[in-house]
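A.B. asks: I'd like to ask some things about the structure below.
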Amino acid sequence: MSKDTRVETYSRGLIEDPSRWKDWMGGMWAFYLHRFTGLVLSFYLVMHLFVLSTGYWMGHETYTEVMQAIAAPKVIHVMELGLFAAFVFHALNGTRIVLFDMMRGLEIQEQLFYLSVALSFAIVVASAPFFLLG
Amino acid sequence: MHSHEVIVVGAGGAGLRAAIAAHEEGADVALVTKLHPVRSHTGAAEGGINAALKDEDDWEDHAYDTVKGSDYIGDQDAIEAMTEDAPSEVVRLENMGMAFSRDEDGRMAQRAFGGLSFPRTTYASDKTGHMLLHTLYEQVMKRGITVYDEYYVTRAVKEDGECHGVVAVDIQTGRVEGFQAGATIFATGGVGEVFSHTTNAVSCTGDGMSIAYRAGVPMEDMEFVQFHPTTLPSTGILITEGCRGEGGILYNSEGERFMFERGYAPNDGELASRDVVSRAELTEVEEGRGFEDGCVHLDLTHFGEEKIEERLAQILELARDFEDVDPVTEPIPVKPGQHYIMGGIACDSHGATELPGMYAVGEAACVSVHGANRLGGNALLELVVFGKRSGRHAAENHLTNTSKSAVEDVVAEEQSRVEELKDRSGGEHQSEIRADVQEAMTEHVNVFRSEEGLEEALEIVRDARERYESVNVHDTSDTFNTDLVQALELRSIIDCAEAITLGALERDESRGAHWRYEHQERDDENWLKHTLVYPGDDGPRVEYEDVEIKKYEPKVRSY
Amino acid sequence: MWLLQRVTGVGLIFLLGFHFAVQHFIVGATNVTAANTVDRITYGLIEGDHVIPVTIDMSAVMYQASALLLLAFSVFHGMYGVHNIVVEQNPGEKIERLSRYFFTVLSVVLLIQGVLIFYAFFAP
Amino acid sequence: MATTQTESEADAATEVGSVELEVFRYVPEEDDEPRFESYTVDAEEGTTVLDALIEIRDTEDASLTVRHSCRMARCGSDALYINGKQRLACNTLVKEVGEPVKVEPLPRFDVIRDLVVDMEGFYDRMEAVEPWFQPSHEPETGEEFLQSPENRKNIDTVLDCIWCGACTSSCSPAGTDDRFKGPAALAKAYRFYKDEREGEEARKNRLRLLEDAHGIYRCHTQFNCTEVCPKGISPTEAIMEMSRDATKQKLAFWRR
């Protein structure tokens, strides 16, 4: 860690960190899930705007064709449901974090995490038909 | 090779305070310590720090209490110096940011303690030592004082009757390094590891005393070892005197409040001084009125949870974690355990020893303010008062003609001693010898001492010294070799154990913490004097020195 | 910035929630055409004739505001979030600065692109 | 375990029997890579992990290296990673963590040897928050700063920090970002931040010191630090309060 250490030290490296996932406690899961879903959503945002840009650069016809083509395969619907799940969890856990910022619920942080997971799950299951059928 | 004007060995409360004082006097000062400063055992002190802060209180009463507590063998000039400085030094700590517990009016709170005529023990919950240690270390960081942590000092460099610094093993790398200094202050703490049942950390091995002793400076009053009346039976962990100060009660197995009912201390009861309470407890146990494990019960259940949590939070934690007892609802089993050594490196009230350039302070020193028995709350006070005095004195009077080559010579000698230790084969492991010494000392040189037992202990200790000649270090690594460090520490333990036992054997009277079966009375005619143990060619040599008596003539001591 | 991340985050819960509701609960992903996109952006008219059969005719300005806010908030929240992950690896001043430039530029590009898309379907 | 066996409770009170420990070993002169070594020791009801390690060192393998000193959870030397969590070896009972007891040095710290890690970086972090008292004014001789008992009580828990490093070891942002001071140092800063003796100016300075890009806002409320702290401190809470205050202060900039 420090440069002015007297002895050679052995660094176990960062690989240690995720490899200990079995030991993670609630807060740690919340953090990694939040981060992961955040990355997914950000990546989607970039791609989404890229796809939509056909509407500007290639005209309305092409836009409609592209949108229809993308939405056609069933697997896309499942992925969209996944995206929605990411959003719901990120939003609920984000609410949990904002609560902490306001110094609320610090003692029940772990329960709040489980609550946000459970709520996300419920919302996603309830919404699934719209994605898979629509 | 490092060179500083003042080197402080040991970074507990006394060492840190001395370093700060020396730095304030403008000296180039560095701390050399075998533990990182915040790991020091000062942090485990619980109860508080005595000072006559209040208007109704008087430092001279504090001085009298201390003299009486010392069983009249404390040097009264030093005691007066300490108690007079106490209020300003405690305020100084507050000004450094120390978080004392507070009264309603926002001033520092004080509570009652054993052997004191006024509730003058200033405290920070039951973590006073922790707060003190951290506050002082914060000030060391602020001042940018150099700290060499995890260096084990093995020897003082002595040439032409002066101390030119020390030599230490860098525990992390195994290298032997020299520290040249115009003044070396030993603040290395106590000797708990001499005993098996102790409140002390395993690092309290009396290194400083042994090093100074080997440089020709005597150990003073080593036979006066304090046994704290309330330690946990399984681990020896300290249960603060603050428990009794706040109103905790000691019961025997017959439900008697024996301190009163059996007449040990008809006036002060549980708040008699520590030697009195420890003896009372053991007497109860020996007469069959104890609990399992040789314990009595310390009852706090009448306090209610809130008070315990506020004032004795740590006790709650310790009793629950280490003894599986909940002090809120049940009494804590306690028994006496080694806690403190009143003796140490002989020095004057500026911490200066016979050897120019060498100082001692804190538990490692014997200024003699505690005499035959230390009062609770006076140890932390000693640290700050004499820490300041010795640091200041050392900064003003350090030697200027120290020799670099003398240090280098000793580095080479110590280097080969360490190499030789590691290369050895055969012989016993240090842990076996250490355990034998500890057991013998706990068996025979405990609260009650008999001539026969002391002689047996002395024999075992001397035998251990012979066995140590061929001690074997199994670990040959250079990196963080704790096996080596412990082997080196063992020699200090043996040195101290021998001085303690020898002093106890010679002193055929009972005074303060020293109690002899054959001579149960105090003998002021023959023994109003300090024991000095010098190293000699064929074993230690004992000499005596008169006690400094000023205002307070010895009289019968009762609580 | 930290606060802004919080504010946009909370805002996004509603904006993105609305967006999802429109796209997947009312219109349905398979039914996106240029025509209904134009309807929404120009007139604030959301026709749910596929999944949930409701028709919302909200104020055009409201819809436009929500769409543009969604764009701004999501671009900021997303890009600043990813930048933070980079910073947190303590990659050194240089890469940190590069990351800041990169995500700033990317954000601007995304914003412009978003506005252009908006413009493409704004046809009163 | 023992609580369900009502019959043999008296026996179970003293004997737990032999316990297996898997201990992380790395001696730089001998090992290129760390390895795990198995030991078996006899344990009693009250045997702590530290007791077991000392037993191994004294009787089986003298080369096993671990920092320890006070044995009473005060010096903070022996924070280790025991069965998946940062704990103090001296107040962790062997029987409470389950077998085998897997003992590793603190994660995210570099290893010097065996269970001994390099604490220098940790100490640097502690020092970086200027953890010393900065009073509102220079006191006159003998003047004592006043502090209300309530204010003193507010900082009681954070004052108890023993610098063991368990929290900082558990914190992922502190692991990846050297410049993030980590939970221990920030809790230490909070100890002064909340101390009313320091005054308004010092409070503002303390926040200013903490709120750069690698400062308090790096906290991701993982709560690992709070979970592992052997002294029951919640650094997360301290950090949240300071970041809230820092934000408020910034928002109110036009009022000044």
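The values are calculated or read from the model by the stated rules, or taken from the named source; none is laboratory data. Worth saying up front: this structure is predicted, and the values here are computed from it rather than measured. With ideal geometry, Cβ positions are generated from the backbone for all residues, glycine too; neighbour counts draw on all protein chains shown. When the accessible area is computed, the model is the full protein with side chains, heavy atoms only, and any ligands, DNA or RNA have been set aside. Shrake-Rupley method; radii C 1.70, N 1.55, O 1.52, S 1.80 Å.
A.B. asks: Across the stretch A:39-52, which residue is nearest to the other protein chains (Cβ to nearest Cβ) among those that are farther than 24 Å from residue C:122 by Cα and open to solvent by 70 Å² or more (accessible area, probe 1.4 Å)? Please lay out each step first, then the result.
C.D. replies: Let us first name the residues in the stretch A:39-52 that are farther than 24 Å from residue C:122 by Cα, namely A:39-43.
Restricting the remaining residues to those that are open to solvent by 70 Å² or more (accessible area, probe 1.4 Å) gives A:39, A:43.
Working: A:39: 7, A:43: 9 Å.
Looking at residues that are farther than 24 Å from residue C:122 by Cα and open to solvent by 70 Å² or more (accessible area, probe 1.4 Å), I get A:39.
A.B. asks: For the stretch D:1-107, which fully contained helices (runs of 4 or more DSSP H) count at least 3 residues that are within 26 Å of the chain's Cα centre (by Cα) and modelled with pLDDT of 95 or more? Walk me through how you get there before you give the answer.
C.D. replies: Working: elements: D:9-12, D:49-55, D:94-97.
Qualifying helices (runs of 4 or more DSSP H): D:49-55.
A.B. asks: Turning to a different aspect of this structure: Find the residue count for the stretch D:207-241, including only residues that are closer than 23 Å to residue D:127 by Cβ, touching a Phe, Trp or Tyr at 6+ places or on another chain (Cβ under 6 Å) and open to solvent by less than 10 Å² (accessible area, probe 1.4 Å).
C.D. replies: 3
A.B. asks: Given the stretch D:121-191, what helices (runs of 4 or more DSSP H) lie entirely inside it while holding 2 or more residues that are basic (Lys, Arg) and more than 19 Å from residue D:207 (Cα to Cα)? Give the steps one after another, and end with the answer.
C.D. replies: Working: elements: D:149-154, D:156-159, D:166-170, D:172-176.
Helices (runs of 4 or more DSSP H) meeting the threshold: D:149-154.
Condition check ((1) buried (at least 20 other Cβ atoms within 10 Å of the Cβ); (2) modelled with pLDDT of 95 or more; (3) part of a helix (DSSP H, G or I)) across all residues:
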position: B:210; (1), (2), (3): yes, yes, yes
position: B:222; (1), (2), (3): yes, yes, no
position: B:234; (1), (2), (3): no, no, no
position: B:267; (1), (2), (3): no, no, no
position: B:284; (1), (2), (3): yes, yes, yes
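A.B. asks: Among (1) of a type in the set (Gly, Ala, Ser); (2) closer than 30 Å to residue B:117 by Cβ; (3) in contact with a Ser or Thr (Cβ under 8 Å, 6 or more places away or on another chain), where does residue B:510 come up short?
C.D. replies: Exception for residue B:510: condition (3).
A.B. asks: Please determine whether any residue of the stretch A:104-121 is more than 22 Å from residue A:48 (Cβ to Cβ), of a type in the set (S, T, N, Q) and surrounded by 15 or more Cβ atoms within 10 Å (Cβ to Cβ). Even if it seems obvious, please write down each step before you answer.
C.D. replies: Going residue by residue through the stretch A:104-121, those that are more than 22 Å from residue A:48 (Cβ to Cβ) are A:104-119, A:121.
Next, from what is left, pick out any that are of a type in the set (S, T, N, Q): A:109, A:111, A:116.
Within this subset, residues satisfying the condition of being surrounded by 15 or more Cβ atoms within 10 Å (Cβ to Cβ) are A:109, A:116.
Within the stretch A:104-121, one or more residues are more than 22 Å from residue A:48 (Cβ to Cβ), of a type in the set (S, T, N, Q) and surrounded by 15 or more Cβ atoms within 10 Å (Cβ to Cβ).
A.B. asks: Do you know which of the residues in the stretch C:78-124 that are open to solvent by 40 Å² or more (accessible area, probe 1.4 Å) and in contact (Cβ under 8 Å) with a residue 60 or more places away in the chain is farthest from the other protein chains (Cβ to nearest Cβ)?
C.D. replies: If we take residues in the stretch C:78-124 being open to solvent by 40 Å² or more (accessible area, probe 1.4 Å) and in contact (Cβ under 8 Å) with a residue 60 or more places away in the chain, then C:124 is farthest from the other protein chains (Cβ to nearest Cβ).
A.B. asks: I would also like to ask the following. For a quick check of your reading: which helices (runs of 4 or more DSSP H) sit entirely within the stretch B:1-106 and have at least 2 residues that are β-branched (Val, Ile, Thr)?
C.D. replies: Result: B:59-69, B:76-95.
A.B. asks: Which residues, counting only those in the stretch D:177-206, are open to solvent by 10 Å² or more (accessible area, probe 1.4 Å), within 24 Å of residue A:106 (Cα to Cα) and within 14 Å of chain C (Cβ to nearest Cβ)?
C.D. replies: Correct list: D:181 only.
Here's the yes/no breakdown for (1) more than 24 Å from residue D:225 (Cβ to Cβ); (2) open to solvent by less than 40 Å² (accessible area, probe 1.4 Å):
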site	(1), (2)
A:6	yes, no
A:9	no, no
A:19	no, no
A:37	no, yes
A:54	yes, yes
A:61	yes, no
A:71	yes, yes
A:88	yes, yes
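A.B. asks: A further question on this structure: Any residue in the stretch B:496-517 that is of a type in the set (Asp, Glu), within 14 Å of another protein chain (Cβ to nearest Cβ) and either more than 19 Å from the chain's Cα centre (by Cα) or part of a helix (DSSP H, G or I) (or both)?
C.D. replies: Keep residues of the stretch B:496-517 that are of a type in the set (Asp, Glu), which gives B:498, B:506, B:508-509.
Checking the rest, the ones that are also within 14 Å of another protein chain (Cβ to nearest Cβ) come to none.
No: zero hits.
A.B. asks: Out of (1) loosely packed, with under 14 Cβ neighbours inside 10 Å; (2) within 10 Å of chain D (Cβ to nearest Cβ); (3) under 13 Å from the mean Cα position of the chain (by Cα), what's the single condition that is false for residue A:79?
C.D. replies: That leaves (2) as the condition not met.
A.B. asks: Restricting attention to the stretch B:478-536, which residues are open to solvent by less than 10 Å² (accessible area, probe 1.4 Å) and among the β-branched types (Val, Ile, Thr)?
C.D. replies: Passing the criteria: B:493, B:494, B:500, B:501, B:531, B:533.
A.B. asks: Then there's this: Could you tell me which residue of the stretch C:1-50 is farthest from the other protein chains (Cβ to nearest Cβ), considering only residues that are among the aromatic types (Phe, Trp, Tyr) and under 18 Å from the mean Cα position of the chain (by Cα)? Write out each step before concluding.
C.D. replies: If we filter the stretch C:1-50 for residues that are among the aromatic types (Phe, Trp, Tyr), which is where we start, we get C:2, C:14, C:18, C:20, C:25, C:43.
Checking the rest, the ones that are also under 18 Å from the mean Cα position of the chain (by Cα) come to C:14, C:18, C:20, C:25.
Working: C:14: 9, C:18: 12, C:20: 6, C:25: 5 Å.
My answer is C:18.
A.B. asks: Additional query: Given the condition over 20 Å from residue B:442 (Cα atoms), surrounded by fewer than 23 Cβ atoms within 10 Å (Cβ to Cβ) and of a type in the set (Val, Ile, Thr), answer yes or no: does some residue in the stretch B:303-322 qualify?
C.D. replies: yes
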